[in-house]
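Accompanying notes for the structure given below.
Derivation of every value follows stated rules applied to the coordinates shown; laboratory data play no part. Because the structure is predicted, anything quoted here is derived from the model rather than measured. Neighbour counts run over all protein chains shown; Cβ positions are idealised from the backbone, glycine included.
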Amino acid sequence: MAQDIIMQIKGQEYVVSLVDNAYTKDLIGSLPQTLVFDNFGRNERVADLKERIGQDSYKKSLQVKRGDLTYYVPWGNLAAFRVSYSSPSDLVPLGSMSEEAISALENSGESEVTFKLP
């Protein structure tokens, strides 16, 4: 069953709608988490989770779009996409966020970003 979580940036809250898979279940179980995102090229913002989630590999390729939240298995980090992108394997879909939410994340700089249950 898909679930929504809250992403909080600078006192504002945004909904992230998660898909239903083993990785999102692990992510939900690890919440709340406060992270700092960095730019990774022009395509995405990334943040290291406190602990890895899910399994050791994910061998499907993924077509992501702006606002998609993913997990990159080799590095164990979250990646929020700023642009549409065709990815290699090991990028797992976690969910998606609104234009308002991805814009807030793009402009968050080095601010803390908290993910929590509603």
Quiz item: Going by the alpha-carbon gyration tensor, a ≥ b ≥ c the square roots of its eigenvalues, is the stretch 1-60 rounded (a/c under 1.5) or, if a/c is not under 1.5, prolate (a/b greater than b/c) versus oblate?
Solution: oblate
Quiz item: Ranked highest first by average number of other Cβ atoms within 10 Å, how do 74-87, 103-116 line up?
Solution: 74-87, 103-116
Quiz item: Count the lysine pairs in the chain that are 8 or more places apart or on different chains: how many have C-alpha atoms under 17 angstrom apart?
Solution: 4
Self-check item: Dipole magnitude (debye, nearest 20) for the chain, charges at Cβ of Lys, Arg, Asp, Glu
Solution: 220
